[in-house]
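The values are calculated or read from the model by the stated rules, or taken from the named source; none is laboratory data. Here the structure is a predicted model, which is why all the values come from computation and not from measurement. Counting neighbours? That spans all protein chains shown, and the Cβs are built from the backbone with ideal geometry, glycine included.
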Amino acid sequence: MSALFFAVLSEAKPWLERLQAKPLSYTGKFRIFQKNSHYIIISGTGKLSMALAVSEFAHLISKSERNQMKVWNLGIAGATNPELSLGDFFWIHKITDWGSKRDHYPDRILKSEFIKETTLTTFDRPITKEKNLDRFQSLTKEELNGIHLVDMEGSGFFEAASLYFPLENITLGKIVSDHLEGKFCQSEDVEVMMSKVSENLFEEWTSPLPWIQSDEVETTDWPNVETFIQNIRLTETMKHDLKKSVRFFRLRNPNKPLPLPEENAKANLKSKTDLKNYLDEWRAALHV
């Protein structure tokens, strides 16, 4: 199980294509995409938007699922060091919120194709070394001393995620997108940089956390259910609710076979009401 948070679509697009995720139908404010037990969430820019997206997503899943979920935030960041190359990827082991001056310390990634680490400072506005540029906050050389990468979401992500997920499940990674020249990155350039990173990181993100035991719902129960319902036109919301019921059953009945409706009952599903009643009865059986 894994969740990946991005600020903007250009960062998320290569991952959405690789995962082949579909939009999750729900009544919230943020764009959430899903494929099996993997989720991609787009928050919009800024630490408040990111924090709200984390909170909204966390309330869609159970605590037991959150405890087993790998939670990442990936995105672009400006670099103060002009010697760093555009597209360089770094894991973040310290986040500083510029406004509150609070520090946060994500766990280090022990095994990865990418080995570089650095610190991140989160601001409320885009940052530049240049002076008097609209829409940018200008910082002097002295103010930038000791700062390595800058973004607008990192601290918001970590503070919110730490309220709902185990700290050891939370990870941040950033791609160098600029050197604080006071120019916004082009979407196409962001997609290219993120696509290159996703080639090596995708399997790392989708793999289970090393300390989590095999999840029987994901490896056995849900694949069996998906096979059973492949000719039934369930909405994504219906599938989401059904999966929650399957997990409820498995947590309380670890050794019992998963109950499935009679195969011939599917032939009687002629209307939306039939489908709703069919699903309600199945979920009721899972909650006994």
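Structure values in brief
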{"quantity": "Some residue of segment 202-219 being more than 20 Å from Gln34 (Cα to Cα) and either among the acidic types (Asp, Glu) or surrounded by 17 or more Cβ atoms within 10 Å (Cβ to Cβ) (or both)", "calculated": "no"}
{"quantity": "Residues satisfying the stated conditions in segment 23-58, i.e. more than 14 Å from the chain's Cα centre (by Cα) and over 14 Å from Phe6 (Cα atoms)", "calculated": "Ser25, Tyr26, Thr27, Gly28, Lys29"}
{"quantity": "Condition met for Phe114 (crowded, with 20+ Cβ neighbours inside 10 Å and either within 20 Å of the chain's Cα centre (by Cα) or assigned by TED's automatic domain parsing to the domain that holds Gly78 (or both))", "calculated": "no"}
{"quantity": "Test: residue in segment 45-58 that is closer than 26 Å to Ile212 by Cβ, surrounded by fewer than 19 Cβ atoms within 10 Å (Cβ to Cβ) and of a type outside the set (S, T, N, Q)", "calculated": "yes"}
{"quantity": "Considering residues of segment 20-31 that are within 23 Å of Asn200 (Cα to Cα) and without any contact (Cβ under 8 Å) to a residue 60 or more places away in the chain only, the residue surrounded by the fewest Cβ atoms within 10 Å (Cβ to Cβ)", "calculated": "Gln20"}
{"quantity": "Criterion (outside the structural domain of Asn169 (by TED's automatic domain parsing) and closer than 30 Å to Ile170 by Cβ) met by exactly one of Lys266, Lys239", "calculated": "Lys239"}
{"quantity": "Matching residues in segment 183-234 - criterion: being of a type in the set (Phe, Trp, Tyr) and over 22 Å from Leu9 (Cβ atoms)", "calculated": "Trp211, Trp222, Phe228"}
{"quantity": "Selected residue (criterion: farthest from Ile61 (Cα to Cα)) from residues of segment 1-43 that are basic (Lys, Arg) and in contact with a Lys or Arg (Cβ under 8 Å, 6 or more places away or on another chain)", "calculated": "Lys22"}
{"quantity": "Meets criteria (touching a strand residue (DSSP E or B) at 6+ places or on another chain (Cβ under 8 Å), closer than 30 Å to Thr140 by Cα and at pLDDT 90 or above) for Ser187", "calculated": "no"}
{"quantity": "Helices (runs of 4 or more DSSP H) contained entirely in segment 152-270, each with at least 3 residues that are free of Cβ contacts under 8 Å to residues at least 40 places away in the same chain and of a type in the set (Ser, Thr, Tyr)", "calculated": "none"}
